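The values are calculated or read from the model by the stated rules, or taken from the named source; none is laboratory data. Just so it is clear, the structure is predicted and the values come from calculations on it, not from any experiment. A quick note on method: Cβ atoms are made from the backbone with ideal geometry, for glycine too, and the neighbour counts reach across all protein chains shown.
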Amino acid sequence: DHAYRTLSRLATALFPEGGAFAGGARDLDLARAFDAFLADEPEDERRDLRRALAWLEWGPVLYDRSAHTFSLLDDAARLAHFERWSVSGDLLRRQVAVAFRRFLSLVFYDRPEVWPHIGYDGPMFRPVAR
């Protein structure tokens, strides 16, 4: 539950409702889509993800001396904190930020609801109706 909350709050910070697209991460439940994407992955990779989410959750306390964890920040503060990870001098924090951004982007742009906004007509291959 805690990991899902952190991932969900990160997704809504990166893909806010009314941002570049009318619907955001909350409308598409990107956290659940990300979770489903990882369901078949090896346990050690899922464990690493849970650890990275816990680290991100406690990041504001550890690095910003905030009284609040990531999930308790408002959207703007969450995004600012995450962006600091993206440019951090700490290679591991940068790698975690890049990985989260890439995976959440993957599940966001994989949604047919998003395709018209980016000028994508869908897969070229379509099964033949019988």
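Considering only the stretch 99-120, I want to know if a residue exists there that is without any contact (Cβ under 8 Å) to a residue 60 or more places away in the chain and over 25 Å from A36 (Cα atoms).
Checking the stretch 99-120: at least one residue is without any contact (Cβ under 8 Å) to a residue 60 or more places away in the chain and over 25 Å from A36 (Cα atoms).
Based on what the data block shows, is W115 at pLDDT 90 or above and aromatic (F, W, Y)?
Against the criterion (at pLDDT 90 or above and aromatic (F, W, Y)), W115 does not qualify.
Only one of E57, E45, E17 is acidic (D, E) and closer than 21 Å to V114 by Cα; which? Show your work before the answer.
Working: E57 fails: closer than 21 Å to V114 by Cα; E45 fails: closer than 21 Å to V114 by Cα.
That would be E17, the only listed residue that is acidic (D, E) and closer than 21 Å to V114 by Cα.
Please work out if A52 is closer than 19 Å to L92 by Cα and in contact with a Phe, Trp or Tyr (Cβ under 8 Å, 6 or more places away or on another chain). Please lay out each step first, then the result.
Values: closer than 19 Å to L92 by Cα: yes; in contact with a Phe, Trp or Tyr (Cβ under 8 Å, 6 or more places away or on another chain): yes.
Yes; evaluated as a whole, the condition is true for this residue.
In this structure, does A39 turn out to be over 14 Å from the mean Cα position of the chain (by Cα) and within 28 Å of P112 (Cα to Cα)?
Answer is yes for this residue.
Could you tell me whether any residue of the stretch 7-28 is without any contact (Cβ under 8 Å) to a residue 40 or more places away in the chain, surrounded by 14 or more Cβ atoms within 10 Å (Cβ to Cβ) and of a type in the set (A, V, I, L, M)?
no
Taking the condition over 15 Å from the mean Cα position of the chain (by Cα) and at positive phi, does R84 pass? It would help to see each step written out before you state the result.
Numbers: over 15 Å from the mean Cα position of the chain (by Cα): yes; at positive phi: no.
Judged against the criteria, R84 is not a match.
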